[in-house]
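The values are calculated or read from the model by the stated rules, or taken from the named source; none is laboratory data. Note that this is a predicted model, so its numbers are computed, not measured. Positions of Cβ are generated from backbone atoms using ideal geometry, with glycine treated the same way; all protein chains shown enter the neighbour counts.
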Ligand SMILES: Cc1cc2nc3c(=O)[nH]c(=O)nc-3n(C[C@H](O)[C@H](O)[C@H](O)COP(=O)(O)OP(=O)(O)OC[C@H]3O[C@@H](n4cnc5c(N)ncnc54)[C@H](O)[C@@H]3O)c2cc1C
């Protein structure tokens with residue numbers, strides 16, 4: 001039986017562990033914390049079946065000027081961090097050119113198309129159906145012009161990728177969504193998108209399923225990872241990591257450390273271009289929560305009813321991973337959101353901060369490490385790791401089993417030299 005260590009128990013690592021288990025590997029999952037307590041906890045909880053195209057950097061001068069002048073709540077930045085991320089950002093900008101983005105989206109749309117169908121068996125087997133809503137995700141537009149532009153965009157996604165949407169004028173969406181307290185321009189609803197009322201809880205439920213099925217989950221430090229030949233029958237190399245139960249070894253190791261993967265891989269001679277897009281969330285005690293989560297496009301925040309309150313998640317802040325918390329995007333949005341929704345007072349929970357692990361070519365890495373036997377990469381899911389964890393785990397397993405097709409090739413680290421050096 002093949003033994004595999006999975007480093008990182010976010011949605012990506014836990015899904016990887018389950019996929020390996022399903023194909024007969026003996027798996028040990030290792031994290032320094034509990035399952036789903038970092039990025040996979042703090043997100044907006046949307047299983048984004050509508051996100052056929054990954055987020056590109058806008059290339060029109062007007063939008064870039066708004067970002068530069070701090071007039072958008074979508075993106076904020078800090079100059080020193082921007083300077084450090086410049087090579088990754090420049091590469092991201094190049095991949096965002098319309099023709100390149102269109103090519104990338106052809107692969108991305110196929111992954112997204114597998115998102116709900118790959119979550120579904122895990123949701124059922126882990127008994128977590130109570131955390132999932134299947135009545136869509138909305139985009140609320142404040143004025144007629146925004147609504148008309150978004151409706152056109154929804155039509156474009158339908159034509160290109162078959163993404164279903166429903167459009168509502170302002171009055172009809174207010175009948176649909178009683179929590180809205182003022183007139184709006186309209187709404188676009190993505191009916192096939194699922195939403196989760198506790199993303200960290202869903203990740204934990206999947207991890208419990210993994211353990212119930214015989215998997216081992218240990219506390220340990222990924223930075224202790226090393227390649228060793230000690231004690232291997234036949235003298236082949238193995239991977240070793242320190243855990244609370246002492247050092248453990250396996251023939252294979254999967255790096256599923258999300259935003260922390262590049263730091264570890266430096267030690268093994270890999271340079272990963274990653275743009276860390278920081279996001280924040282806060283919780284509120286709304287007396288009447290919206291019936292389905294929605295994006296307030298004007299303010300670039302998502303409002304999601306969660307088990308511990310109404311969660312407001314922010315857009316992207318381009319700052320260093322260890323920069324102090326500065327939730328200015330949430331602060332700016334709060335009073336504006338109150339114009340359309342009675343969000344109530346903040347709860348006692350501290351403001352959460354975390355980072356979307358974005359690769360410049362907008363596709364996750366899932367496949368063999370270019371220069372180490374038995375080492376596998378599975379990270380870089382950017383804005384949609386909660387959505388894509390189970391889907392790209394299947395791609396990784398295909399790669400581990402030696403199967404190749406257009407998708408395994410597109411996610412294969414060995415062909416990604418524009419974003420990965422070794
Ligand atoms: C504000 C915000 C909103 C988002 N909304 C959505 C959304 O609605 N839908 C969606 O699909 N995606 C969303 N995302 C993106 C999504 O959350 C991420 O893509 C996804 O969670 C990444 O999962 P992961 O498993 O790769 O990383 P993580 O969940 O961060 O897991 C990495 C794990 O590695 C562990 N680790 C790190 N270093 C070590 C070490 N040295 N030793 C041991 N363990 C270590 C950590 O403890 C952690 O458990 C959002 C992100 C943000 C920030």
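For residue 373, the stated conditions hold: it is touching a residue at least 24 places away in the same chain (Cβ under 8 Å), surrounded by fewer than 22 Cβ atoms within 10 Å (Cβ to Cβ) and away from the ligand (no atom under 15 Å from the Cβ).
Taken over the range 242-280, the criterion of being away from the ligand (no atom under 14 Å from the Cβ), outside any strand (DSSP E or B) and closer than 22 Å to residue 216 by Cα is satisfied by 245, 251. For the criterion of being more than 8 Å from the ligand (Cβ to nearest atom) and surrounded by fewer than 17 Cβ atoms within 10 Å (Cβ to Cβ), residue 110 passes. On the basis of being more than 12 Å from the ligand (Cβ to nearest atom), touching a helix residue (DSSP H, G or I) at 6+ places or on another chain (Cβ under 8 Å) and in a loop (DSSP other than H, G, I, E, B), does residue 350 make the cut? Considered against the rule, which asks whether it is more than 12 Å from the ligand (Cβ to nearest atom), touching a helix residue (DSSP H, G or I) at 6+ places or on another chain (Cβ under 8 Å) and in a loop (DSSP other than H, G, I, E, B), residue 350 comes out as no.
Among residues that are near the ligand (Cβ under 7 Å from one of its atoms) and not in a helix (DSSP H, G or I), residue 44 is included.
Conditions tested, residue by residue: (1) modelled with pLDDT of 95 or more; (2) away from the ligand (no atom under 14 Å from the Cβ); (3) assigned to a strand (DSSP E or B); (4) not assigned by TED's automatic domain parsing to the domain that holds residue 85.
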residue: 322; (1), (2), (3), (4): no, no, no, no
residue: 337; (1), (2), (3), (4): yes, yes, no, no
residue: 398; (1), (2), (3), (4): yes, yes, no, yes
residue: 407; (1), (2), (3), (4): yes, yes, no, yes
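Checked against the criterion of being more than 16 Å from the ligand (Cβ to nearest atom), touching a residue at least 24 places away in the same chain (Cβ under 8 Å) and either under 19 Å from the mean Cα position of the chain (by Cα) or not in a strand (DSSP E or B) (or both), the candidates 332, 403, 356, 414 yield just one match: 414. Here the condition is being surrounded by 20 or more Cβ atoms within 10 Å (Cβ to Cβ), touching a residue at least 24 places away in the same chain (Cβ under 8 Å) and out of contact with any helix residue (DSSP H, G or I) (no Cβ under 6 Å at 6 or more places or on another chain); of 341, 365, it holds for 341 alone. For the range 185-215, a residue qualifies if it is in contact (Cβ under 8 Å) with a residue 40 or more places away in the chain and out of contact with any helix residue (DSSP H, G or I) (no Cβ under 9 Å at 6 or more places or on another chain), and the qualifying residues are 191, 195, 208. Any idea how many residues of the range 20-31 are more than 30 Å from residue 349 (Cβ to Cβ), touching a strand residue (DSSP E or B) at 6+ places or on another chain (Cβ under 7 Å) and either in a loop (DSSP other than H, G, I, E, B) or near the ligand (Cβ under 8 Å from one of its atoms) (or both)? Within the range 20-31, residues that are more than 30 Å from residue 349 (Cβ to Cβ), touching a strand residue (DSSP E or B) at 6+ places or on another chain (Cβ under 7 Å) and either in a loop (DSSP other than H, G, I, E, B) or near the ligand (Cβ under 8 Å from one of its atoms) (or both) number 1.
Against the test of being in contact (Cβ under 8 Å) with a residue 12 or more places away in the chain, surrounded by fewer than 19 Cβ atoms within 10 Å (Cβ to Cβ) and near the ligand (Cβ under 10 Å from one of its atoms), the options 34, 10 yield a single qualifying residue, 34. Taking helices (runs of 4 or more DSSP H) as the structural unit, those lying wholly within the range 69-180 and holding at least 2 residues that are more than 23 Å from residue 329 (Cβ to Cβ) and touching a residue at least 60 places away in the same chain (Cβ under 8 Å) correspond to 86-95, 98-112, 115-125, 144-161.
Residue-wise test of (1) at pLDDT below 90; (2) under 20 Å from residue 274 (Cβ atoms); (3) away from the ligand (no atom under 16 Å from the Cβ); (4) touching a strand residue (DSSP E or B) at 6+ places or on another chain (Cβ under 9 Å).
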| residue | (1), (2), (3), (4) |
| --- | --- |
| 39 | no, yes, no, yes |
| 71 | yes, no, yes, no |
| 77 | yes, yes, no, yes |
| 82 | yes, yes, yes, yes |
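Filtered by the rule that a residue be surrounded by 14 or more Cβ atoms within 10 Å (Cβ to Cβ), within 26 Å of the chain's Cα centre (by Cα) and more than 18 Å from residue 302 (Cβ to Cβ), the range 128-148 gives a lone residue, 128.
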